[in-house]
Amino acid sequence: MRGSRSGRYDNAAVRAGERKGCFMAQAMNSAQTSKGMSRRAFLSAAGLMGLAVGATGTFAASNVSVAHAEEATGAPATNPNAACMETFGKDTAYLPVKKAQWTQLNGPIGFEADPVDKSKIARTDTCDFLVIGVGLGGMVAGLHAADEGANVIGIEKMNQGRMAWESVGGYNTKLQQEIDNVPDPAEYMEAIMRASMWRARADAVWGFIQGSGAAIDFLNDMVVKAGKGVSYFSTEQAPAANKMDVIQAEHKINIPEGVKWTSWLKGGFVWDSLLETASTYPNFDIRYNTAGVQLTKDASGRITGAIAKDADGYYAIEASKGVLLATGGYEANPALMQAWVRPEDYHTAEALAPCLGPTGDGHMMGLAVGAAMDPVPHCVMSFRSVSQVQANKCLSAGIWVNHQGRRFVNEGLPFNYAANAVNIARIGGHPVWFLFDEGAVEARSEAMPTLRDDIVAMEADGNMVQGDTIEELAAAMKVDPAELAATVEAYNGYFDAEEPRDLQFNRNISKAAPLAKGPFYAGKHTNQLLVTVSGLIINENAQVLDENDDPIEGLYATGNASGGLFSDAYPRHLPATSTGRAVTFGYVAATHALKGE
Ligand SMILES: Cc1cc2nc3c(=O)[nH]c(=O)nc-3n(C[C@H](O)[C@H](O)[C@H](O)COP(=O)(O)OP(=O)(O)OC[C@H]3O[C@@H](n4cnc5c(N)ncnc54)[C@H](O)[C@@H]3O)c2cc1C
């Protein structure tokens, strides 16, 4: 689903609720500067903060975090940086962090912070294993537990589970073995750790790598079992031109013969098959339009089930073996996005997510029972523009320039890293442009028959301009003509060398061409935000950990509700780690829970 552009950095536009949100910054600042404040105190402050956000959509309980800070330091909270506030305005509080609004996705929140009154709980259902959220991770977990003979209840808040993906990534699957394409596990480990700047949790990363083979084999078996001609295959990727690691981890989807399908997004075929297979398990009871509201626990602290809510009201579900949080991320919860994600990661992005289900309910349910969570800022999955409009296929044909008419990044980087650079270039609401020439259009016209029509359509929408010369193009872009001409001249000059080289950003231009033939085109470049990928800390068994790194008995998490794998940016160049994680830890959680260890 695509929405309108999000708001800009604009303190004046910050709403009252967000103004209170600056106490988060206060709590962080106190935690960073005060030796007296324990990690527990800070995390509980942040956690309570989050609960308030989820429960009310505002930061109503923000005074709680201040109370913790005061308690820990033994001194009343003071303003150590009045000059900073004077310069940046009172919304910035102790830290000069400007805010941005996320208004594009706003889903129904299932989590409730206040304990549901017993008198409102109509009945208690029982099962062995409870799955909260039946997207990819929840579906695989439920199927695996059911396949092992357990009685499984899966509750899904929306009228269908979320299914937005194409490929799935992992190590040592039968499909990889069949074509001798098994990645090196240590290289895979290092690549994930490197992509997180070594902030990832080694146990979770290694657990993912080690567990993924059996999990993806099971996923493929369940897909094939439906008998609809859908299956996965292991891909062989060429070496990257951008010096990033290539890990042969990706599995793509075979669709039924004779079906004409041009979209890259083929996950719907897999989902259709999984639903078919799930329907053959009478012991896997999937209940739609049913939200997980809060977790229940016994006197020892073990998680024993959850309170669910459907159209008739609340009821309890007891799960003797375990509860899995498979509720996805929180991209459809504006308050959490604004609290936990870097503003620059979403302030000019468009949402690319066809579901309003992921509102961070699992994050909240976990925090409410003492779970630890990835530190903020959290990490999102960003794509550079992936519009199906063929004109956007010229994105990498030439160069990208900012509002000053200057290049700012290696245009050949993996989507997520290129997206980071675009986000930074767009701070302040400036446009970023991708430039290409008539030569690029001619070279692509045969393979992309609607390319010229798409250019006309983008021009009509105000998203593309053209000019017979670079100076004319610059005028249409409202960019300094001399600056743009100098940028293009420098870029074209790289092709004069015997071995062409990008002397500024080191992009591999061996397959690129100079911008030589008019007319010249400039399209507006907009990033897309797919999902959030940070969450509750888990170990190699998918058990949710508390702040002491001890498992919370009976509680598991998978997919985008879980954490420990990513930091800074989702590593798009390590293929399909997010679906791989959802599948793997769903499978691992069911295995561990049924063992009853
Ligand atoms: C367009 C697009 C393409 C993508 N392509 C890829 C790809 O090719 N490879 C890849 O690795 N990743 C891809 N992703 C990311 C991928 O979709 C997710 O990372 C992955 O599906 C996460 O799975 P999950 O099981 O954690 O959560 P989700 O798939 O988000 O499922 C969570 C489910 O929980 C439900 N839920 C939430 N709260 C509650 C509650 N309180 N009670 C009950 N139910 C609840 C939601 O409604 C939802 O159905 C893509 C994303 C998008 C948007």
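Odds and ends about this structure:
- Output for segment 570-590, where each listed residue is surrounded by fewer than 23 Cβ atoms within 10 Å (Cβ to Cβ) and in contact with a helix residue (DSSP H, G or I) (Cβ under 7 Å, 6 or more places away or on another chain): none
- For segment 309-334, residues that are more than 26 Å from the chain's Cα centre (by Cα) and under 23 Å from LYS118 (Cβ atoms) total 12.
- For segment 423-448, a tally of residues being surrounded by fewer than 21 Cβ atoms within 10 Å (Cβ to Cβ) and more than 18 Å from ALA476 (Cβ to Cβ) returns 12.
- Single unsatisfied condition, GLY305 versus (1) away from the ligand (no atom under 16 Å from the Cβ); (2) of a type in the set (Gly, Ala, Ser); (3) touching a residue at least 60 places away in the same chain (Cβ under 8 Å): (1)
- Tally of residues being acidic (Asp, Glu) and within 16 Å of the ligand (Cβ to nearest atom) across segment 151-192: 2
- Residues located in segment 315-326, provided they are surrounded by 20 or more Cβ atoms within 10 Å (Cβ to Cβ) and either hydroxyl-bearing (Ser, Thr, Tyr) or in contact with a Ser or Thr (Cβ under 9 Å, 6 or more places away or on another chain) (or both): ILE317, ALA319, VAL323, LEU324, LEU325, ALA326
- Some residue of segment 270-287 being within 12 Å of the ligand (Cβ to nearest atom), touching a residue at least 60 places away in the same chain (Cβ under 8 Å) and assigned to a loop (DSSP other than H, G, I, E, B): no
- Of all residues in segment 215-261, those satisfying the criterion of being within 22 Å of GLY586 (Cα to Cα) and acidic (Asp, Glu) are ASP217, ASP221, GLU250.
- Positions within segment 198-219 being within 16 Å of ALA582 (Cα to Cα) and in contact with a Ser or Thr (Cβ under 6 Å, 6 or more places away or on another chain), in sequence order: PHE208, GLY211, SER212, GLY213, ALA215, ILE216, ASP217
- Failed item, numbered, when SER385 is tested on (1) in contact (Cβ under 8 Å) with a residue 24 or more places away in the chain; (2) assigned to a helix (DSSP H, G or I): (2)
- Given (1) more than 16 Å from the ligand (Cβ to nearest atom); (2) under 30 Å from THR262 (Cα atoms); (3) touching a His at 6+ places or on another chain (Cβ under 7 Å); (4) part of a loop (DSSP other than H, G, I, E, B), index of the condition HIS430 fails: (2)
- Which listed residue, of ALA186, ALA195, ALA150, is crowded, with 19+ Cβ neighbours inside 10 Å, among the small types (Gly, Ala, Ser) and more than 19 Å from GLY586 (Cα to Cα): ALA195
- Residue list for segment 558-584, filter: near the ligand (Cβ under 9 Å from one of its atoms) and either of a type in the set (A, V, I, L, M, F, W, C) or farther than 25 Å from THR235 by Cα (or both): ALA561, SER562, ALA576, ALA582, VAL583
- Within segment 526-551, being out of contact with any helix residue (DSSP H, G or I) (no Cβ under 8 Å at 6 or more places or on another chain) and over 30 Å from ALA421 (Cα atoms) holds for LEU545, ASP546, ASN548, ASP549, ASP550, PRO551.
- One residue from VAL422, VAL401 being at pLDDT 90 or above, of a type outside the set (D, E, K, R) and within 27 Å of LEU565 (Cβ to Cβ): VAL422
- Exactly one residue among SER167, SER212, SER234 is touching a Lys or Arg at 6+ places or on another chain (Cβ under 6 Å) and either under 30 Å from THR262 (Cβ atoms) or not aliphatic (A, V, I, L, M) (or both), and that residue is SER167.
- Residue match in segment 570-584 (condition: polar (S, T, N, Q), outside any helix (DSSP H, G or I) and over 25 Å from THR469 (Cβ atoms)): no
- Restricting segment 116-137 to residues that are more than 34 Å from the chain's Cα centre (by Cα) and not small (Gly, Ala, Ser), the residue that is surrounded by the most Cβ atoms within 10 Å (Cβ to Cβ): ILE121
- Scope segment 131-150; condition more than 8 Å from the ligand (Cβ to nearest atom) and in a strand (DSSP E or B); matching residues: VAL131
- Where ALA311 falls short, out of the listed (1) under 21 Å from THR327 (Cα atoms); (2) touching a strand residue (DSSP E or B) at 6+ places or on another chain (Cβ under 9 Å); (3) surrounded by fewer than 17 Cβ atoms within 10 Å (Cβ to Cβ): (2)
- Top-ranked residue in segment 308-350 [being among the β-branched types (Val, Ile, Thr) and in a strand (DSSP E or B); ranked as farthest from the ligand (Cβ to nearest atom)]: VAL341
- Here the condition is being modelled with pLDDT of 65 or more, within 30 Å of THR558 (Cβ to Cβ) and outside any strand (DSSP E or B); of ILE109, ILE153, it holds for ILE109 alone.
- For segment 351-377, a residue qualifies if it is near the ligand (Cβ under 8 Å from one of its atoms), over 13 Å from the mean Cα position of the chain (by Cα) and crowded, with 21+ Cβ neighbours inside 10 Å, and the qualifying residues are GLY357, ASP361, GLY362, MET365.
- Search result, residues across segment 263-303 that are among the acidic types (Asp, Glu) and closer than 18 Å to PHE129 by Cβ: ASP285, ASP298
The values are calculated or read from the model by the stated rules, or taken from the named source; none is laboratory data. As the structure is a computational prediction, the values presented were derived from the model and not from experiment. For neighbour counting, all protein chains shown are included, and Cβ atoms are generated from backbone atoms with ideal geometry for every residue, glycine included.
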